[in-house]
Amino acid sequence: MGFGLPAAMGAWMGRPDRQVICITGDGSIQMNIQELATCSLNRIPVKIAVMNNSCLGMVRQWQELYWNANYSKTCLKQSASCRERCREPRGLCPNAYWPDLVGVAEANGMPGLRAEKPSEILPVLKEGLGMDGPVLMEFMVDKYANIYPMVSLGKPLDHIIFGRT
């Protein structure tokens with residue numbers, strides 16, 4: 001987690017003739033978010049697509065699938081005003097962006113774009129991929145959407161789960 005952006009930067013340094021796109025999550029990008037400044041200052045034209053579900057999505061998915069949805073410390077919007085044992089019920093989380101990744105991108109000298117609904121995805125992609133230099137594109141997704149395929153707990157790679165059964 002957190003390796004996507006530095007890896008994309010390295011990929012572009014190795015092949016500057018190719019467009020490089022980093023697809024990452026909101027929790028992951030925050031682990032090396034300072035590299036936005038590196039991209040901007042050095043004009044490393046990586047296109048960053050952040051899937052923002054306002055939580056540590058893979059950890060939340062494991063908690064849902066293997067620990068009866070007993071969520072613990074995965075919500076990136078959780079604050080002192082949340083219930084002590086927040087189970088992240090739909091509709092109770094604040095609507096504010098935390099952090100505002102578009103604002104963070106702009107503060108680091110690069111454009112930031114956001115798609116909040118499915119109809120905005122293609123326009124954001126077309127605009128962002130068409131820009132010169134680095135750009136961050138944030139795509140808001142449902143925090144309860146799971147990612148497949150995945151490898152189950154303690155299983156070898158040939159026991160991939162392709163969806164919930």
_Run the reach check for residue 117 against aspartates and glutamates, Cα to Cα strictly under 19 Å, same-chain hits fewer than 8 apart removed. What comes back?_
26, 100, 127, 138, 142
*the stretch 3-51 - convex hull of alpha carbons, volume per residue in Å³*: 55
*In terms of modelled amide H atoms, which long-range or inter-chain residues lie less than 5 Å from the amide H of residue 115?*
138, 139, 140
*With a point put 7 Å past each Cα toward its Cβ, work out how far residue 31 is from residue 68 in nm, to one decimal.*
3.0
*Say each of residue 121 and residue 106 gets a label point 7 Å from the Cα, pointing the same way as Cα to Cβ; how far apart are those two points in nm?*
2.5
*Once phi is turned into θ = phi - 60°, what whole-Hz ³J(HN,Hα) does the Karplus curve with 6.51, -1.76 and 1.60 give for every residue of the stretch 130-135, x standing for Gly and Pro?*
x, 7, 7, x, x, 8
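Read-outs throughout are calculated quantities, based only on the coordinates presented, and are distinct from any laboratory measurement. Here the structure is a predicted model, which is why all the values come from computation and not from measurement. We place every Cβ from the backbone using ideal geometry, glycine too, and count neighbours over all the protein chains shown.
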